[in-house]
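Below is one structure; the comments refer to it alone.
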2 protein chains.
Amino acid sequence: MNTRLLEIRQGILSKNDRLAQRLRQRFHDAGVLAVNLVSSPGTGKTALLERTLREMAPTYRVASLVGDLATENDAVRLARSGAPVRQIVTQGMCHLEAEMIESHLVGWDLADLDFLFIENVGNLVCPSSYDLGEDLRVVLLSVTEGEDKPLKYPPMFNSADVALITKMDLAGAVEFDRAAAYANLRAVRPDVTILETSAKTGAGVAAWIDWLVARRLNVEAVKR
Amino acid sequence: MNTRLLEIRQGILSKNDRLAQRLRQRFHDAGVLAVNLVSSPGTGKTALLERTLREMAPTYRVASLVGDLATENDAVRLARSGAPVRQIVTQGMCHLEAEMIESHLVGWDLADLDFLFIENVGNLVCPSSYDLGEDLRVVLLSVTEGEDKPLKYPPMFNSADVALITKMDLAGAVEFDRAAAYANLRAVRPDVTILETSAKTGAGVAAWIDWLVARRLNVEAVKR
């Protein structure tokens, strides 16, 4: 790409996108894999993240930012893992923005981290338009919310790198239709990686962590 | 209120609010109770509404509008009740607006209706700011999504006239904490009416319909 074309493209990027690019560069330089978790309210982002942080903490340097319209409850839950956690209160906004990430990283040395998890506001629409500088966007789909959601909220599912099917321990109770869920996820994003998890029983959490660790090694390999 | 003050207040109302007021007047003049259903994705708005329409249709004149970012799937489901149904596709927008309601009512004679149900886009943030001219705003909270949601999404729960706790058939499987749910709903809106329903078993649906019918009689009584 020649310099002029690059300049023109940068000219049309929004302020959020410019900030997100700056964050992405910082994460990359520090060797941090940044993961943005998005979903409906109540799919179990906090429960899965709490378990992920707890299981990763003995081996990896992990931290988390968590966004909500109101309350610090999720930060309190996540901090039980022992990992550094900060709450972002959006004051009614339905998504996180790159600027909020940047301002809440002040005082943390990214060189001390391997993984930064960002739990977005529970919302299947707004967060899809806001790049936070993450390496991976992870969308959660709980077995309790219906297999049709990818078709009804395509921008969110289309922009995700991996789909986690959560609350698998309830699959029987809600008569979860796995084939329909997979078909709908792949109708919206044909190449999406799909993993199944239960934060309650722990099933699938080790595979999810292995997948994250492999992704970080890929990023490190590219860097070298 | 004197005329000048009224003019000033109207001057600062947004376009959506003005359209919503016009709709509200039309609903009132025609004796239609308009009900706006809001919630997260996957709380069972469509399932509850399908059952509500089916149970009400032999006795009352019911119709429904249903909003989604994409697909006509919900309108197809709701139309199985035999009631008139129209899909509003928002093309990525995270809420319905009064203008969309108005344009999708064209060709329907409101005088032929007793109840109009509007199923909003599944989203616990954006729809709270958009008056659709409804008489009642109903927020659904499913037992599967966590008792903490009222605290984390206060504008939506604060602006609702009634809270329906849905998927009660799953309360045992998810260890639903009823006391916590009620306390959190009332922390955000102390006087909110709370009803418990299961679209699957039908439990609570008759009480919900009775409540709606009573509300319509109240509106009619005020009108006379």
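Since every read-out is calculated from the coordinates, none of them should be taken as a lab result. Please read these numbers as outputs of a predicted model, since none were measured by experiment. All Cβ positions, even for glycine, are placed from backbone atoms using ideal geometry, and neighbour counts span all protein chains on display.
Using just its DSSP H runs of length 4 or more, each adding -39500 (n - 2.57), the protein assembly as shown gives a mean residue ellipticity at 222 nm of -12000 deg cm²/dmol after division by all residues.
Listing A:M56, B:M93, A:M156 from the residue with the fewest other Cβ atoms within 10 Å to the one with the most, what is the order?
Working: A:M56 20, B:M93 17, A:M156 26.
If I rank by nearby Cβ atoms, fewest first, I get B:M93, A:M56, A:M156.
Look at the alpha carbon pairs under 8 Å that are at least 6 residues apart: their mean separation over the length of region B:2-223 gives a relative contact order of 24 percent. Sorted from shortest to longest, the distances between the A:S129 label points of this copy and the other copies are 1.0 nm, with each point 7 Å from Cα along the line through the beta carbon.
Near the amide H of B:L141, within less than 5 Å, lie the amide hydrogens of B:L164, B:I165, B:T166, all on another chain or at least 5 residues away, with H placed in the peptide plane.
Going from the residue with the fewest nearby Cβ atoms within 10 Å to the one with the most, B:D131, A:D169 rank A:D169, B:D131.
Compute the angle between helix A:45-56 and the longest alpha-carbon principal axis of chain A, please, reported from 0 to 90 degrees and rounded to the nearest 10. So the inclination is approximately 80 degrees. Seen against the Cα atoms of chain A and their longest principal axis, helix A:205-223 is set at about 20 degrees. Rounded to the nearest 20 debye, the dipole magnitude of region B:72-209 is 460 debye, with +1 charges on Lys and Arg beta carbons, -1 on Asp and Glu beta carbons, and the Cα centre as origin. Under 5 Å from the amide H of A:L96 lie the amide H atoms of A:V121, each residue being 5 or more positions distant or on a separate chain, with H modelled from the backbone and absent for Pro and chain starts. Shortest first, B:R80 label-point distances to identical copies amount to 3.9 nm, with the label point at 7 Å from Cα along Cα→Cβ.
Put the Cα centre of region A:147-206 next to the Cα centre of region A:37-65 and the gap is 17 Å. Hand me the tally of lysine pairs in region B:2-223: alpha carbons under 29 angstrom apart, and the pair either on different chains or 8 or more positions apart. For region B:2-223, qualifying lysine pairs total 12. Using Cβ point charges alone (K and R +1, D and E -1), the dipole size of the protein assembly as shown about the Cα centre works out to roughly 400 debye.
Across B:S39, B:S103, B:S128, mean-square fluctuation computed from a Gaussian network of chain B (C-alpha pairs under 10 Å connected) peaks at B:S103. Note on the protein assembly as shown: Rg/Rh from Cα positions, Kirkwood definition for Rh, rounded to two decimals, is 1.00. Neighbour counting of Cβ atoms within 10 Å sorts the residues B:D29, A:D177, fewest neighbours leading, into B:D29, A:D177.
Computed over region B:122-184, the P(r) curve from all C-alpha pair distances, binned at 10 Å from the origin, holds 21, 52, 23, 4 percent per bin. Three semi-axes describe the equivalent ellipsoid of region B:2-223; taken as square roots of 5 times the Cα gyration tensor eigenvalues and ordered largest first, they are 26, 21, 18 Å. Apply the a/c threshold of 1.5 to the C-alpha gyration tensor of region B:12-86 and tell me whether it is rounded, prolate or oblate. Cα axes put region B:12-86 in the oblate bin. Each copy carries a label point for A:K15 at 7 Å from Cα along the beta-carbon vector; from one copy to the others these points are 2.4 nm apart, nearest first.
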